[in-house]
1. Set the bar at 29 Å for Cα to Cα. Now go through B:Lys60/B:Lys197; A:Lys14/A:Lys140; B:Lys76/B:Lys157; B:Lys76/B:Lys286; B:Lys60/B:Lys157; A:Lys50/B:Lys15 and name every pair that lies beyond it.
2. Taking each residue in A:115-121, count the Cβ atoms of any other chain within 10 Å of its Cβ, then average. What number comes out?
3. Go through the stretch A:134-144 residue by residue and turn each phi into a ³J(HN,Hα) via Karplus (6.51, -1.76, 1.60, θ = phi - 60°); whole Hz please, and just put x for glycine and proline.
4. Find the Rg to Rh ratio for the stretch B:178-332, where Rh is the Kirkwood radius over alpha-carbon pairs and Rg uses the same atoms.
5. So what's the back-of-envelope 222 nm ellipticity for the protein assembly as shown, counting only DSSP H runs of four-plus at -39500 (n - 2.57) apiece and dividing by all residues, rounded to 500?
6. Calculate the translational D of the stretch B:77-146 in whole µm² s⁻¹ from Stokes-Einstein, where the hydrodynamic radius comes from the Kirkwood formula applied to all Cα pairs, the temperature is 20 °C and the viscosity 1.002 mPa s.
7. Report, by chain and number, residues whose modeled amide H sits under 5 Å from the one on B:Ala184, excluding near sequence neighbours (fewer than 5 apart, same chain).
8. Taking the Cα atoms only, what angle lies between the long axis of helix B:15-52 and the longest principal axis of chain B, rounded to 10 degrees?
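FYI, it's all coordinate maths here, none of it is from the lab. These figures come from a predicted structure and were not determined experimentally. For neighbour counting, all protein chains shown are included, and Cβ atoms are generated from backbone atoms with ideal geometry for every residue, glycine included.
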Amino acid sequence: MSSDTALVVEGVTKAWRSPSGTDRRVLDHVGFVVERGSSMCVTGGSGSGKTTLLHILAGLVNPDAGSVILGGQSLFTLGEAARDRFRARHIGYMFQVFNLVGMLSAMENVALPLVFAGESASSAQTRAGALLERLGLSGKSDHRPQALSVGEQQRVALARAVVAEPWLLLADEPTASLDPANAEMALELLASEASRTGASTVIVTHDPAVRARFALQLTVGGGT
Amino acid sequence: MNLLSLILRSLSSRKTSTLLTALGAALGVALVSAVVVLGHEVESSYRNSGSGFPMIVGPKGSPMQLVLNTVYHLDKSPGLMPYRAYEELRDARWVRLAVPYAVGDSFRGFRVVGTTDSIFTERFTPLPKQPLVIAQGRAFKHDSKFLNHLIDDLRGKAVAASRPSSESSGHHHHDHSHEIIAEAVVGATVARELGLKIGDKIEPTHGVEGGKDHKHEHLWTLTGILAPTSTAIDRLVFISLESFFGIEDHQQGALLPDSGDVGLSAAIVYPAAATQRAIMLPRLNKRSDIQAVSPSEVIRGLLDIVGNVDKVLLLEAVLAVIVAVLGTAVAIYNLMNERLREIAILRAVGARRFQVLLLVVGESVFVASLGAIAGLAAGRGLIAAVSDRVAATAGFVPDPLAYVPVSLGDSVPAVPFEVITLVAVVVVSAIAGLLPAAKAYSADVARHLAPPT
Ligand SMILES: Nc1ncnc2c1ncn2[C@@H]1O[C@H](COP(=O)(O)OP(=O)(O)OP(=O)(O)O)[C@@H](O)[C@H]1O
Ligand SMILES: [Mg+2]
């Protein structure tokens, strides 16, 4: 088992404090390995901690215990600023809602991770433009997200997640707001971009049809 | 796309709020700019014309009134001094040039001064080292022999008027009006505002406020127009002293029965050597019939008063700027809650805490600076717009493009006040911007990434 560019998760535990003041453990010693270039699907009921897990994998939320190692780098031993930069370079995230930045064009949204990773503005725009073209959005790169269809927004979100050729691609319910045809296309594109860039993929879904595509599966929130 | 273009995008996506807050800063800064430039112009112009007139001799009374009336042509004339005192000064060894001023008339709102052609032929320098220049035409004709004759004649009347009996009538009475050459030279502003040309006839009226008083039924021919001086002289009409005294009305008012002499408003005295001024001022002031003042000293006293008014205004203006700049930060702060999601997204795609801090501080600085630059320009524009009004009411012409340096100490070169203002606005807006920036800095990324519920 090569740890190089693979995702290794061990003993991740997270409790959220509810408004009533009691702690509720949503993740309890979660551990798994996703090899380079392969993918895993996460399932579980609503409120079971799927999004929380992805946030931890992205280094956005600190776990109470456990470790996340990506490409040999332990996320939570990095300082916060270094972790932000690491995320910009090596982790792509598609959110449960698309979370595109409304004041920026499609192309600028896609270029954001490259810019924060320290790439020059012009080269970031060039790479973003090329990627949008490959995803069939060449005519839309100057559009604001609000001027795009839901399916198009999803593809822009995908482009933003993969543009930096990350080691790890995280996708939270990528098909939830799409019709079946668009959902199918989104999954195809996601798979092809992941294999092109060699990223490991972790997808959250509650759709059995989507789940069926993945050999590797993890169910969270079993305890409740 | 870098941090700066993110700032610009963010601001342009909220145009109305951006423009309104920038406008607030602009108004405050325009006020500062106008007060500073005007204050500078008041000071430099008053200081300049103070040194352009080394000494003024006039009747006993308020030195300030004498200076205001003679140099700036404001206020009323403080009275009359004996013509004989002027003659003494004119002929004194220590005096290089003595210029008589007889005031009290006006022509369509512009004050008239009766004087001699020495203001053109001698080195009469209303601004330091800058003699009067006739831009068009020539000086008015001045006949000193005739003037002396006329003065003698008037003195006779004054002596006669001082006697209780009425034997004066018929004695020595000449009507000179038909012999007088009545010509006038006007300042640049007079010519421009009234559209006067060489050869035009003008008809002064008695009194300096408005022109309601009856006319003299004498016409003066315009022979010359002066080049602009940016002083009160631009708003004057100069005529010869003999044509001034030739008017019957003036003769009545100009007689000083007590001294048996003709009255003159003032004399501007240029000593032959600079040191003479300090020696002669106290000597002249010992006399009971005249006072002598140094305009620059009187003006220094005036500026101390004006300077304080200035400082209060400036303080208010600076407070207005601070409030306006704080306003830009508060406006950004108020919108921050709606923007936390956007901030969280930026963080999630790799922006560091410090970068979102810079983004928000940058917005505050950018809006405030934009407003400040507009305000600095508007302040200058305001000066340009009121410059004619100021000229009419304060006796000088403020230059909207005046260079207004601020000294930061002896070892550092002075910089334009605009630079200081801009730096101050940047610093204050950066500090104020930390308030909303702190909110962005400490935003809980994971929580704000969740779909809005
Ligand atoms: N930042 C937070 N602070 C406090 N509680 C949180 C926070 N984020 C999530 N939770 C709580 O943790 C639990 C798990 O939330 P999470 O979003 O991970 O669920 P999920 O499996 O993604 O659900 P869904 O399928 O509805 O998206 C929920 O009860 C939620 O209220
Ligand atoms: Mg979720």
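1. Details: B:Lys60/B:Lys197 39 Å; A:Lys14/A:Lys140 40 Å; B:Lys76/B:Lys157 26 Å; B:Lys76/B:Lys286 24 Å; B:Lys60/B:Lys157 24 Å; A:Lys50/B:Lys15 39 Å.
From the list (B:Lys60/B:Lys197; A:Lys14/A:Lys140; B:Lys76/B:Lys157; B:Lys76/B:Lys286; B:Lys60/B:Lys157; A:Lys50/B:Lys15), the Cα-Cα distance tops 29 Å for B:Lys60/B:Lys197; A:Lys14/A:Lys140; A:Lys50/B:Lys15.
2. Mean number of neighbouring Cβ atoms from other chains: 4.
3. Taking θ as phi minus 60°, the curve returns 5, 8, x, 10, 4, x, 10, 5, 8, 6, 6 Hz for the stretch A:134-144.
4. Ratio value, two decimals: 1.15.
5. Details: 21 runs with 322 residues, N = 677.
Dividing the helical sum by the residues of the protein assembly as shown leaves -15500 deg cm²/dmol.
6. Numbers: Rh = 14.1 Å.
After rounding, the answer is 152 µm²/s.
7. B:Thr221, B:Leu222, B:Thr223, B:Gly224
8. Once rounded, the angle reads 30 degrees.
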